[in-house]
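Novice: What follows is a structure written as structure tokens; I'll ask about it next.
FYI, it's all coordinate maths here, none of it is from the lab. No experiment lies behind these values; they were computed from the predicted model shown. Neighbour counts run over all protein chains shown; Cβ positions are idealised from the backbone, glycine included.
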Amino acid sequence: MAQIGMNDLDSKAWRAFHKIGTSLLPHLGRQITNHSGISGAEYVVLVALSELPAPSVNLNRLATGLGWEISRMSHQVSRMEDAGLVKKTKNLEDSRCFDVSITVKGRKIAEVAIPLQSREINHCFSEVLTQTQMKSLIEISEAISNHMKEHHPLNKKVDK
């Protein structure tokens, strides 16, 4: 049965997408917490920081790169700094901004967590989907992501 305002195919596609988000993402988050003691959000930030070509990144740029709102990133980084996972420093060029870098403790945790998470992702994707299905998933995800960036960018003031 279609959701009001949607045709049957639109409704089924939305529900299928939603089902993945409500089952897979919490599962992966639990796996991270159980195996490494960090939250899924901490994991995402640590991975992003560990993959940087530079030693630090502007907090706003990190938020945008991860598709997060700046306020969410700011709160997350503050909690992670309290836990010793990252270090926040004033940006030398703009004292209103902060740069974020991964600490030795954060890097060690990421080095343990990344292979564990990679195995779990492989279990939930590579062992379930064919190569063709994975390529289709990538294509679909990129189409939706590009639409969102173009028409509904994050951290843009909304007119009331």
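Novice: Which residue, Thr64, Ile138, Phe98, has the largest displacement toward the positive end of the dipole of segment 29-151 when charges sit on each Cβ (Lys, Arg +1; Asp, Glu -1)?
Specialist: In segment 29-151, that residue is Phe98.
Novice: Moving on to the next point. Net charge within 14 Å of Lys87 by Cβ-Cβ distance, Lys/Arg positive one each and Asp/Glu negative one each, not counting Lys87 itself?
Specialist: Local net charge: +2.
Novice: Please go through segment 26-110 and write out the GluC sites (Glu not before Pro) that DSSP classes as loop and that have at most 13 other C-beta atoms within 10 Å.
Specialist: Answer in residue order: Glu51, Glu69, Glu93.
Novice: Another question about this same structure. Give me the net charge for the shell around Ser101: Cβ to Cβ below 11 angstrom, other residues only, Lys and Arg +1, Asp and Glu -1. Spell out each step's value before the answer.
Specialist: Details: positive: Lys87, Lys88, Arg107; negative: Glu81, Asp99.
Residues near Ser101 contribute +1 overall.
Novice: Could you work out how far helix 8-36 tilts from the main Cα principal axis of the chain, as a 0 to 90 degree angle to the nearest 10?
Specialist: It is inclined by approximately 40 degrees.
Novice: Here is a follow-up. Once you've got the GNM for the chain with C-alpha springs shorter than 10 Å, pick whichever of Lys108, Lys135, Lys12 has the biggest mean-square fluctuation.
Specialist: Highest fluctuation of the listed residues: Lys12.
Novice: Can you give me the angle between helix 70-82 and the longest principal axis of the chain, using Cα atoms only, in degrees from 0 to 90, rounded to the nearest 10?
Specialist: 50 degrees
Novice: While we're on this one: For the chain, take the longest principal axis of its alpha carbons; what is the angle in degrees between that and the long axis of helix 40-50, to the nearest 10 within 0 to 90?
Specialist: 60 degrees
Novice: Determine the dipole magnitude for the chain: charges of +1 sit on the beta-carbon of Lys and Arg, -1 on that of Asp and Glu, nothing else is charged, the reference point is the Cα centre, and the result goes in debye to the nearest 20.
Specialist: Numbers: 20 positive and 17 negative charges, 77 e Å.
Roughly 360 debye, rounded to the nearest 20.
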